[in-house]
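Below you'll find the structure, written out as structure tokens, and then a few comments.
The values are calculated or read from the model by the stated rules, or taken from the named source; none is laboratory data. As the structure is a prediction and not an experimental result, all values here were calculated from the model. A quick note on method: Cβ atoms are made from the backbone with ideal geometry, for glycine too, and the neighbour counts reach across all protein chains shown. Remember, those area values only see protein heavy atoms, side chains included, never the ligands or the DNA or RNA. Shrake-Rupley method; radii C 1.70, N 1.55, O 1.52, S 1.80 Å.
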Amino acid sequence: MFNSAIVFDPSTGTSKKFSVPIVQELASQNLQKLPQRYIRSEKERPNTFLLPHLDIPVIDMDMFLTDSDLCRQKESEKLGTACQQWGFFQAVNHGIPLSLLERMKGIVREFIQLPLEEKLKYKIQEIEGYGQTFVASDDQILDWADAMSLTTLPPENRKMEFWPTKPSDFRETVDQYALEIQKFGETVLCLLSENAGLKSDHFINMCGKLIQNMRLNYYPPCPRPDLVLGLSPHSDSGCLTVLLQDDGIVGLQIRKDGEWIPVQPIPGALVINIGDMLEVISNGIYKSIEHRAVTNMDRDRISIAMFCNPSGETKVGPAPELIDELHPCQYRTFTRADYVQNLFSGKLEGKKKKIEFAEIKS
Ligand code: OGA
Ligand code: NI
């Protein structure tokens, strides 16, 4: 029931291997007491500083297709405010068929329910496969979740040995979904570029060739959801993340002004958030916000995160057009590969640790 996490350590130039349990197996054992490795310190536990009465902004993507300049302008302002002040929004009427969203959730559930030995055929190596990423030491507190990570686009970057063959429509469904999300992500990048006063393809051009990664998150029920986290606080590392989540169960929380706000799922909607790269490219206009996932006692939860990332050789830095006397340059330019090396050298530790290596201190 153990799976290994292999982590590259840039300080020694070697990879280290750690054994971590498959949480789904742990959860099925009706444990009387949680293993110590999952128990968070008081200040990290889920129910501190909760602000349940606020909701993240909802953007109606249909509004960008209307003939009315006024409607488009209003929604664009809402989108801009959402990405500047929240770094998160939910998109409704996004144009991706609901049947495809349901099928995606279906294949994830079907994969999760396969016997362990079948899933371990796709055991994680480095960063792709089934298991846990971001395990950096033997004594680190672990997340109450299992995950499956895959590179989905461009097709030539796929490592098919990690792509499950069961359920039988897994590959075909992911392929279709990946293309839909890419199109949708590009639309959002264009809207945000225009919203920042730039030509619509400006951000896309700055991102270079886009690489898409997918993470299927599985959060088993937990006997003590008050003591654990499903996913440690972090910001996402790419440009944009598009999250599809289970209906009717809350797990994702985002940090706003020091407090944690739960994201109430809207059936059929997608949750979009700004990643570190877009915060840098926009010279800090759009915010990459810390978020985490909590678990539930009676129900499991799945989510499907699609990350839209610049490729490794891409130089990432603030758009010169967004720098002036009033808006000084906030980040130095770096390659995506440098950033990723920094990222995978540690556990998930909130936002600051990852992006601060590029911050220009005034
Ligand atoms: C992620 C993430 C949140 C969730 O995969 O990066 O933030 O609710 N997931 O699963
Ligand atoms: Ni995330």
Asp69 accessible area, 1.4 Å probe, all protein chains in place, Å² to nearest 10: 100 Å²
Per-residue SASA entry for Arg40, accessible area with 1.4 Å probe, Å² rounded to 10: 10 Å²
Within the chain, percent of DSSP bridges classed antiparallel, to nearest 5: 90 percent
Nearest-20 debye value, segment 2-355 charge dipole, Cβ charges on Lys, Arg, Asp, Glu: 940 debye
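What number results when the radius of gyration of segment 68-225, computed over Cα atoms, is divided by 2.2 N^0.38 Å?
Expressed relative to 2.2 N^0.38 Å, the Cα Rg reads 1.24.
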Equivalent-ellipsoid semi-axes of segment 78-153, from the Cα gyration tensor, Å, largest first: 30, 21, 11
Tilt relative to the chain, helix 98-112 - C-alpha long axis, 0 to 90 degrees, to 10: 30 degrees
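Show Val20, Val250 ordered by accessible area, largest first, where the area counts protein heavy atoms only and the probe is 1.4 Å.
On the way: Val20 0, Val250 40 Å².
Putting Val20, Val250 in descending order of accessible area: Val250, Val20.
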Accessible-area value, Glu42, 1.4 Å probe, nucleic acids and ligands omitted, Å²: 140 Å²
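Show Glu77, Glu359, Glu279 ordered by accessible area, largest first, where the area counts protein heavy atoms only and the probe is 1.4 Å.
Glu77, Glu359, Glu279
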Protection-proxy order for peptides 282-293, 170-181, each taking the mean of Cβ atoms within 10 Å per residue, highest first: 282-293, 170-181
Descending Cα extents along the principal axes, segment 243-362, whole Å: 51, 31, 26
Mean projected area (nm²) of the alpha-carbon convex hull when segment 2-355 is viewed from all directions: 17.8 nm²
Farthest toward positive dipole pole in the chain [+1 Lys/Arg, -1 Asp/Glu at C-beta], among Gly129, Leu227, Gly284: Leu227
With Cα atoms, 0 to 90° folded angle of helix 69-81 axis to the chain main axis: 50 degrees
Global form of segment 166-259, assessed from the alpha-carbon gyration tensor, a/c cut-off 1.5: oblate
